[in-house]
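Undergrad: Can you keep this structure in mind? I'll have questions shortly.
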């Protein structure tokens with residue numbers, strides 16, 4: 001069930017979203033959605049009451065990827081699209097994945113942990129809806145010898161660190177999180193094996209606080225903590241963009257939901273991209289909603305920080321989502337984890353069967 005978070009009623013949309021998402025992808029206009037109407041004995045259409053609408057349970061986290069999901073609920077885009085949205089909160093992707101087998105939700109939004117959603121829990125990737133590469137990096141203190149070592153890999157000249165400065169160091173990151181991927185990519189590119197460093201697994205908030213308190217030699221952080229790291233004067237020695245590692249926020253559907261709730265998944269996905277369109281059109285509103293969302297979840301974040309996150313981690317419009325290969329980032333992540341031995345090579349075929357385009361095709365005209 002959705003927690004009773006404070007509603008974002010003070011941030012009303014400045015205009016009415018009229019553009020057809022399907023048209024944005026070059027498809028014909030979608031037929032009228034009739035899932036929320038009934039007809040009386042005279043054949044006159046009457047809108048179905050919200051309490052009678054079918055429910056979609058969406059798993060969310062205290063990050064930017066959940067702002068458009070909340071927007072769906074707060075702006076009534078769920079009822080408009082013929083369903084009732086309930087949100088199910090999780091702290092990170094790992095427990096969200098574990099809850100798949102308990103039928104705790106129907107859809108979820110996450111980034112790197114999507115690799116394991118499919119490979120371990122049999123979920124389906126049904127949409128990519130946000131760029132999650134921006135702002136995720138490895139940070140050290142200004143006096144670190146890692147920051148003094150640069151140019152080791154000429155293919156990635158902006159990276160700092162080399163085998164001599166990094167081996168034996170303690171690196172704090174969150175297992176199964178995008179910070180995990182960032183750390184492994186960085187070590188690979190500077191010639192250091194993961195078993196040559198001391199890894200400490202902490203959730204993002206704890207990792208930031210631990211490093212602030214003097215623990216560890218390097219910390220891998222994603223927004224908003226990475227932007228706070230910059231305010232502390234910590235040095236970013238590597239990030240996903242300067243390592244050419246694309247990342248996407250994805251929508252996963254549980255196996256049960258994918259098999260039994262096809263039309264509802266289409267409706268949810270259509271509503272999600274409606275929310276994305278509205279938020280992209282008004283970055284000030286998006287930043288305000290993000291700041292409020294962080295505050296509700298116990299993280300006071302400066303205005304400049306949320307604005308930077310909105311700028312560097314854009315939500316995808318329907319047109320943008322239609323212009324790229326669905327699941328490409330997840331495939332890349334999976335292949336990398338196989339190389340490192342953290343994912344069995346026998347799992348790779350699941351990314352051919354469980355990255356599916358049918359929901360996106362119906363929702364926004366993907367592939368047309």
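Undergrad: Grab the helices (runs of 4 or more DSSP H) fully contained in segment 195-309, keeping just those with 2 or more residues being assigned by TED's automatic domain parsing to the domain that holds residue 110 and buried (at least 20 other Cβ atoms within 10 Å of the Cβ).
TA: Output list reads 255-260, 262-281, 283-296.
Undergrad: Separate question: Counting only residues that are under 17 Å from the mean Cα position of the chain (by Cα), at pLDDT below 95 and surrounded by fewer than 21 Cβ atoms within 10 Å (Cβ to Cβ), how many does segment 316-338 have?
TA: Total meeting the criteria: 1.
Undergrad: If you don't mind, there's one more thing I want to ask. Would you say residue 184 is modelled with pLDDT under 95, closer than 28 Å to residue 151 by Cβ and surrounded by 15 or more Cβ atoms within 10 Å (Cβ to Cβ)?
TA: yes
Undergrad: Another question, if that's okay. Do we have any residue at all in segment 169-180 that's free of Cβ contacts under 8 Å to residues at least 40 places away in the same chain, surrounded by fewer than 24 Cβ atoms within 10 Å (Cβ to Cβ), outside any strand (DSSP E or B) and not assigned by TED's automatic domain parsing to the domain that holds residue 259?
TA: No; the residues of segment 169-180 include none that is free of Cβ contacts under 8 Å to residues at least 40 places away in the same chain, surrounded by fewer than 24 Cβ atoms within 10 Å (Cβ to Cβ), outside any strand (DSSP E or B) and not assigned by TED's automatic domain parsing to the domain that holds residue 259.
Undergrad: Would it be correct to say that residue 156 is surrounded by fewer than 24 Cβ atoms within 10 Å (Cβ to Cβ), in contact with a helix residue (DSSP H, G or I) (Cβ under 6 Å, 6 or more places away or on another chain) and in a helix (DSSP H, G or I)?
TA: no
Undergrad: How about segment 310-340: which of its residues are in a loop (DSSP other than H, G, I, E, B) and touching a residue at least 40 places away in the same chain (Cβ under 8 Å)?
TA: 313, 314, 316, 317, 324, 326, 327 - these are the residues of segment 310-340 that are in a loop (DSSP other than H, G, I, E, B) and touching a residue at least 40 places away in the same chain (Cβ under 8 Å).
Undergrad: Can I ask one more? Can you tell me which condition residue 241 does not meet? The list is (1) touching a strand residue (DSSP E or B) at 6+ places or on another chain (Cβ under 7 Å); (2) touching a residue at least 40 places away in the same chain (Cβ under 8 Å); (3) within 24 Å of residue 178 (Cβ to Cβ), and all the others hold.
TA: So residue 241 meets the others, but not (1).
The values are calculated or read from the model by the stated rules, or taken from the named source; none is laboratory data. Worth saying up front: this structure is predicted, and the values here are computed from it rather than measured. When we count neighbours, we look across all protein chains shown, and the Cβ atoms used for this are built from the backbone with ideal geometry, even at glycine.
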